[in-house]
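The values are calculated or read from the model by the stated rules, or taken from the named source; none is laboratory data. Every value quoted in this text rests on a predicted model; they were computed, and no experiment measured them. Ideal geometry is used to build each Cβ from the backbone, glycine not excepted, and the neighbour counts take in all protein chains shown. Areas reflect the complete protein model, heavy atoms only, side chains present, ligands, DNA and RNA absent. Shrake-Rupley method; radii C 1.70, N 1.55, O 1.52, S 1.80 Å.
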Amino acid sequence: MNASTTPELPVVVVGAGPIGLAAAAHLIERGLEPLVLEGGSSAGAAVREWSHVRLFSPWAEVTDEAAEKLLAPTGWTRPDGAAYPTGGDWAEQYLQPLADVLGDRVRFGATVTGVSRAGRDRVVDTDREDQPFVVHIRTADGHEERLHARAVIDASGTWTAPSPVGASGLPALGERAAADRITYRVPDLNDPSVRARYAGKRTAVVGSGASAFTALAYLADLAKSDDGTGTKAVWVLRRGISGSTYGGGEADQLPARGALGLAAKAAVDQGHAEAVTGFRTDAVERDGKGRLVLVGEDGQRLEPVDEVIVLTGFRPDLSFLSEVRLDLDVRLQAPVELAPLIDPNQHSCGTVYPHGHRELSHPEQGVYLVGMKSYGRAPTFLALTGYEQVRSVVAALAGDLDSADRVELTLPETGVCKGGGLLTAPETEADADADAGGCCAPAPALVEIGAPAATTSETTASGGCCGS
Ligand SMILES: Cc1cc2nc3c(=O)[nH]c(=O)nc-3n(C[C@H](O)[C@H](O)[C@H](O)COP(=O)(O)OP(=O)(O)OC[C@H]3O[C@@H](n4cnc5c(N)ncnc54)[C@H](O)[C@@H]3O)c2cc1C
């Protein structure tokens with residue numbers, strides 16, 4: 001991009017979530033003008049949809065440095081760094097104040113529907129990089145607008161595109177028709193109407209990551225409460241239960257993340273959840289009483305359930321980027337340079353190597369996917385990573401390549417590993433597929449507590465894999 005030809009134009013940031021707002025703070029710090037376009041009506045619109053869920057990262061790891069500097073003159077102080085916010089706390093106590101201090105640099109009710117080069121579709125080369133970007137938006141009242149930008153930072157996340165229950169990655173047969181009984185997020189059991197939906201019922205939980213652990217723990221708590229007698233979860237997994245299925249447990253350097261897996265294990269051990277392994281959902285049918293029956297690709301039919309909670313991960317919405325030239329990994333739909341660092345099929349480390357503008361660049365100069373969206377379908381994204389990504393990307397946009405290339409990031413280890421590294425608790429089924437491995441950190445307690453003997457022998461067989 002010939003930034004000199006469009007210096008007066010803003011850098012458009014798509015999404016006023018944690019990473020988009022941090023990008024805006026870094027742009028201001030660098031003297032560049034941001035324009036944040038948010039489809040929702042408030043900051044952290046996606047985070048607010050899981051406002052009842054407590055983060056497994058403490059405050060100290062979910063606020064951005066440049067954002068804090070911008071907020072400080074308003075008298076804002078970060079809550080106790082060791083405390084764990086809920087999604088609602090994060091949105092109310094940090095994201096909204098940040099958007100407020102950014103003022104009219106954040107536009108709400110502005111959904112980006114297209115990004116391209118002015119007057120050039122993705123085929124045309126002719127003085128392409130001298131053209132500004134054109135961004136199409138749909139406003140909350142349905143109007144279409146178009147504006148120009150010198151660069152585009154897409155921080156629109158993946159929350160709007162949850163993966164289906166179908167093991168093929170497509171909705172299972174009958175899944176759409178059963179939408180009244182299927183949810184794709186952790187239910188808020190503090191909400192009486194939601195609680196009534198699950199209390200005393202039999203619910204299938206499909207997925208095997210932090211969100212699935214959270215749902216299993218919530219349903220187990222409901223089962224133990226006075227108004228939840230008879231509540232039962234059926235935990236549906238595509239693979240068997242191995243040493244890493246429940247995450248790192250006490251070995252996880254994010255103790256709250258480790259605790260999620262332990263809570264899920266307790267739910268199974270205490271009989272509040274029964275695990276069904278090796279089950280790949282192919283169809284969702286209804287029985288005579290209107291209950292749902294999950295049918296496996298091998299024809300296996302699970303006992304009817306009242307509700308299904310699908311937590312099999314997310315995927316990026318690339319529809320509005322069709323006119324720009326992206327280089328995305330065929331599996332993860334993440335930038336090709338980043339994908340090998342986060343691909344659970346290849347890379348078994350929960351610790352993601354520092355990466356910045358270079359790994360996030362595309363053939364279309366001046367377009368960057370950052371935050372949750374940059375990970376595509378990979379599950380191990382942490383806010384800390386996103387804050388470092390935008391610091392580096394904005395430094396590059398400001399022409400400070402020294403700073404842009406100097407990426408410093410140390411992420412909390414997960415305590416679970418397979419062959420030469422550490423591995424996060426699988427978030428999506430794909431990861432569960434990938435990590436049928438042993439453990440190198442001292443086997444998390446849950447391995448000893450009840451993992452099938454086989455697992456233990458695998459562990460010893462690999463004889464402490466890190467560096468072995
Ligand atoms: C339940 C849950 C718990 C998590 N816990 C942690 C944790 O403890 N620690 C941690 O580090 N990470 C955690 N994460 C992961 C991650 O940090 C969060 O998902 C974080 O919100 C990602 O920030 P983001 O800005 O990339 O995306 P998002 O927060 O998803 O923000 C994207 C924004 O873009 C908007 N948007 C989407 N499409 C458009 C469009 N076309 N036009 C305009 N606006 C658009 C959305 O409305 C949204 O506001 C968690 C994630 C989930 C789902």
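A compact table of results
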quantity: Stretchable slack from Ala118 to Glu297, in nm (0.36 nm times residue separation minus alpha-carbon distance); calculated: 59.7 nm
quantity: Surface share of carbon and sulfur [accessible, 1.4 angstrom probe, percent] for the range 175-259; calculated: 49
quantity: Cα gyration tensor shape for the range 179-310, rounded if a/c is under 1.5, else prolate or oblate; calculated: oblate
quantity: For the range 179-310: accessible area per residue (Å², 1.4 Å); calculated: 39
quantity: The range 190-242 - percent relative contact order, Cα under 8 Å, separation 6 or more; calculated: 44
quantity: Simple label model, 7 Å out from Cα along Cβ direction - Asp227 to Arg325, nm; calculated: 5.9
quantity: HN-Hα J in Hz across the range 166-179 - Karplus 6.51, -1.76, 1.60, θ = phi - 60°, x for Gly and Pro; calculated: x, 5, 7, x, 9, x, 5, 4, x, 5, 5, 5, 9, 4
quantity: Amide H partners (placed H, <5 Å) of Arg107, local residues excluded; calculated: Val36, Leu37, Glu38
